[in-house]
Amino acid sequence: RARPIARSPPHTRRAHVPPRVPSAARAVAMDTEPGARDDSDTARLIGMRASAPARARVSTVRLIGINAFMFGYGAWISSFAMVTLPSESTRFFPGAESVALGSFLFIAGASQLSGPWAGYASDRTRHSLGRRRPMIIKGAYVVTPALVMMFVARTYNEKVYAASAYYIGFTASMLALNVMYTAATGIVPDLIPESQTGEANGVLAAMSAAGACTGFVYTMVYPNLGSLYWFYIGLVFVTVPITCYAANEPSTLKGDVEDDVEGADGESSALDSKFSWRELASMYYISPTEETQKSFFWLFVCRTFYYTGISAQVFLQYLLRDTAVKSDGSKLVAHEPAQAVAFLSVIGQLGGMLCAYPAGILSDYVGRGAANFISC
């Protein structure tokens, strides 16, 4: 007689649960051929070997939809810095507008510190909509009333607390936009295959430049800055739903397997995704000597110098107001300096919009370093 197979009682059986990994590692693992070892920096950092079928290529139309938010972000940030803030600084603080504009830029720069936190938090988000989309939606809930608050404050700028209200609204909007931007940039490594990363980033840059051009053209056609705030709010209601629809992330609720990757050794284990202040603090430090961070450190240094250099452009409106002369010998007045800055900015952004996508595709073939060298 055959010996019966021993079975564990139902309550002691443990279902096979694939290990949960951070999205950065997941992005690497999902691009690894079945059975292959993942020797990337990300995989080494978390001490894992992962394997999974490679992800399918994403259509260009869907890439545009995923990066729809970047269109709105480009319109907000570019026109805000070059047109809106210089004009509003003059409106609230005539005679001291340069100092006021500098304070707004300080707030905008300091708000960038929310980026590492937003990335850390979104990596650990457990939601039916995935990791990134909940952060984008919550950011929209903040930025919309913040823009309304700024509009009301600038409308009643003679009130005692109008300037303070504008500063509060501006700070809230910058924090929310940076959180949304950080979450949106995480969609590319989450959903796009490695072989298409350059193309995806090219679409991202092109959409951002196209949004900037749209914001500047709007300023040229409708110079009344009051209507510009409603334009910003309209972009929130249009671009955020498109991005959330196109970026069809799998659920990351506990028990779902779509966001999991099975280890190469065939065993299953769950990575701890609990919040850690120590780990979060480490996100704000980049080592110039550690092999896995050295390249990113120098990228950080270069971009810091780059943004330091271009920050002076926000004062261009004041330069044209004080020095530019029209053909009849008179100076620029009222909305004319802002319109002149918008016109010059459109010329610059058009180049970026037209070249970003081809450059992204080129980098997929020749490599990121070669593409950067060619652009320099």
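The values are calculated or read from the model by the stated rules, or taken from the named source; none is laboratory data. Computed from a prediction, not measured in an experiment: that's the story for all the values here. No Cβ is skipped: glycine too gets one built from the backbone with ideal geometry, and neighbour counts run over all protein chains shown. To get the accessible areas, we keep the full protein, side chains included, count just its heavy atoms, and leave off ligands, DNA and RNA. Shrake-Rupley method; radii C 1.70, N 1.55, O 1.52, S 1.80 Å.
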Search region 70-100 for residues being within 13 Å of the chain's Cα centre (by Cα) and open to solvent by 10 Å² or more (accessible area, probe 1.4 Å), and hand back the single one that is nearest to Ala312 (Cα to Cα). Ile77
Within region 313-328, does at least one residue satisfy the condition of being part of a loop (DSSP other than H, G, I, E, B) and either open to solvent by 80 Å² or more (accessible area, probe 1.4 Å) or touching a Ser or Thr at 6+ places or on another chain (Cβ under 7 Å) (or both)? yes
Among the residues of region 167-180, which ones are surrounded by fewer than 23 Cβ atoms within 10 Å (Cβ to Cβ) and of a type in the set (Ser, Thr, Tyr)? Tyr167, Thr171
Complete set of residues in region 172-193 that are in a helix (DSSP H, G or I) and of a type in the set (Gly, Ala, Ser): Ala172, Ser173, Ala176, Ala183, Ala184
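Yes/no matrix, rows are residues, columns are (1) without any contact (Cβ under 8 Å) to a residue 24 or more places away in the chain; (2) of a type in the set (S, T, N, Q):
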| position | (1), (2) |
| --- | --- |
| Ile286 | yes, no |
| Gln293 | yes, yes |
| Phe300 | yes, no |
| Gln317 | no, yes |
| Ala340 | yes, no |
| Leu350 | no, no |
I want to confirm something. Restricting to region 181-213 and keeping residues that are open to solvent by 30 Å² or more (accessible area, probe 1.4 Å) and over 23 Å from Pro250 (Cα atoms), which single residue is modelled with the lowest pLDDT? Ala205
Number of the condition not met by Tyr161 [criteria: (1) within 30 Å of Asp322 (Cα to Cα); (2) touching a helix residue (DSSP H, G or I) at 6+ places or on another chain (Cβ under 6 Å)]: (2)
Which residue is nearest to Tyr181 (Cα to Cα), if the candidates are limited to region 135-154 and must be open to solvent by 60 Å² or more (accessible area, probe 1.4 Å) and over 17 Å from the mean Cα position of the chain (by Cα)? Pro145
Looking only at residues that are in contact (Cβ under 8 Å) with a residue 60 or more places away in the chain and open to solvent by less than 60 Å² (accessible area, probe 1.4 Å) in region 354-367, which one is nearest to Ser195 (Cα to Cα)? Asp364
Pull up region 101-134, narrow it to residues that are of a type in the set (D, E, K, R) and in a helix (DSSP H, G or I), then point me to the one that is nearest to the chain's Cα centre (by Cα). Arg133
Asn67 vs (1) surrounded by fewer than 21 Cβ atoms within 10 Å (Cβ to Cβ); (2) in contact (Cβ under 8 Å) with a residue 40 or more places away in the chain; (3) not acidic (Asp, Glu): all pass except (1)
I'd like the residue in region 116-146 that is aliphatic (A, V, I, L, M) and touching a Ser or Thr at 6+ places or on another chain (Cβ under 6 Å) and, out of all such residues, is nearest to Leu101 (Cα to Cα). Ala146
Residue among Ser363, Ser345 that is out of contact with any Gly (no Cβ under 7 Å at 6 or more places or on another chain) and either on the phi < 0 side of the Ramachandran plot or part of a helix (DSSP H, G or I) (or both): Ser345
